[in-house]
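Peer 1: Pasting a structure below so you can have a look.
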Amino acid sequence: MITYVVGDLLKSPARVLVNTVNTVGVMGKGIAKDFKTIYPEMFKQYQLFCENKQFNIGQLWLYRTKHKWILNFPTKKDWKHPSKIEYIEAGLQKFVNTYADVGITSIAFPMLGCGNGGLNWDTEVRPLMEKYLKNLPIDVYIHLYRQGQFTSEQRNIRATKQWLRSEPEAMPFTEVWEDLYEILAKEDSFFTLDHKIGFTVSVIREPEINLEIKALGNVYRVYFNQLVDLWQHIRSLGYVMTGSMPNGLERYSPYLIALLDKLPYLHPVLISSNYQEIKENPIGLQYIPFVSDNHLTAYEVNVQ
């Protein structure tokens, strides 16, 4: 299934991040330049492959670290000339034929060959990516180049590098509940992120623990076990969309998203599994876990 995201690909929860490159050993612009900064040892190996004519259109190079894997995907022959749609198709064909063999279960793509590549997203690239990727039995995220209300114009490359090269810490729900309880002890009035509807939230302990949400004259209750299921869903997928909350929580999603946005490790993001709906700015949440200080350098190389 494809999920469209307006947000930073480098912060994707996907195990594999796609880096668009050429075949002459240059990562001078766009996201490739950031990958070069974050993974200098990967860049050196990439240069050697290119110098030895071992990396061409239609080949994919998978670089593994313990946190993320980087799939280097050639969309140009060199940096001087634009991408060609046949280059994109050759790489997608290779990916479909090999992703299972190398153990890829989730992946984040940019808009292949667009931007500096010069290809048209709506008429050329999107139909091709959907053709090859939409029916795959893995999580496929496509990150869209457009300014959203929750996106930053500039990437903090130092913080991004630290996160990508570090070991994320798993967070149990007990810690999330403690954080929510602390937030609600300080404030109980909030506004939804989409339509700015005011609502209040209170912790009710009897007869069983629940969050009491009051909005527009209505009272809703979200029980502790529902919150546990929601957290497990978010922690597992890395995202939550308004229409895909577990355990009957979809109808409370605007209120839950606004409340959970107060947690420092959950961030609002525009996200949808329907490309047409993404134009309507549907708001979800992204989980970006805290990391330890244990930087990782081990890697493997796999050219296909």
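The values are calculated or read from the model by the stated rules, or taken from the named source; none is laboratory data. What you see is a predicted model, and the numbers here were worked out from it, not measured in a lab. Glycine also receives a Cβ, built like all others from the backbone with ideal geometry; neighbour counts cover every protein chain displayed.
Peer 1: For the list (1) closer than 22 Å to Y141 by Cα; (2) at pLDDT below 95, I need the number of the one condition that R15 fails.
Peer 2: So R15 meets the others, but not (2).
Peer 1: Condition (residue is touching a strand residue (DSSP E or B) at 6+ places or on another chain (Cβ under 9 Å) and among the charged types (D, E, K, R)) applied to the stretch 239-250: is it met by at least one residue?
Peer 2: No, the stretch 239-250 has no match at all.
Peer 1: Inside the stretch 258-282, can you point out the residues that are touching a Ser or Thr at 6+ places or on another chain (Cβ under 7 Å) and in a helix (DSSP H, G or I)?
Peer 2: If the condition is that a residue be touching a Ser or Thr at 6+ places or on another chain (Cβ under 7 Å) and in a helix (DSSP H, G or I), then A258, I278 are the ones that fit.
Peer 1: Out of all the residues in the stretch 29-62, which are touching a strand residue (DSSP E or B) at 6+ places or on another chain (Cβ under 7 Å) and either part of a helix (DSSP H, G or I) or more than 21 Å from N116 (Cβ to Cβ) (or both)?
Peer 2: I31, A32, F35, M42, Q45, Y46, F49, Q54, L62
Peer 1: Of all residues in the stretch 7-42, which are without any contact (Cβ under 8 Å) to a residue 60 or more places away in the chain and among the β-branched types (V, I, T)?
Peer 2: Passing the criteria: V21, T23, V24, V26.
Peer 1: Just one of the numbered conditions (1) surrounded by 17 or more Cβ atoms within 10 Å (Cβ to Cβ); (2) in contact with a Pro (Cβ under 9 Å, 6 or more places away or on another chain); (3) not in a strand (DSSP E or B) is not true of L227; which one?
Peer 2: Every listed condition holds for L227 apart from (2).
Peer 1: Hey, another quick one. Scan the stretch 71-106 for residues that are small (G, A, S), outside any helix (DSSP H, G or I) and touching a Ser or Thr at 6+ places or on another chain (Cβ under 8 Å) and jot them down.
Peer 2: Residues of the stretch 71-106 that are small (G, A, S), as a first pass: 83, 90-91, 100, 103, 106.
Checking which are outside any helix (DSSP H, G or I) leaves us with 83, 100, 103, 106.
S83 - this is the single residue of the stretch 71-106 that is small (G, A, S), outside any helix (DSSP H, G or I) and touching a Ser or Thr at 6+ places or on another chain (Cβ under 8 Å).
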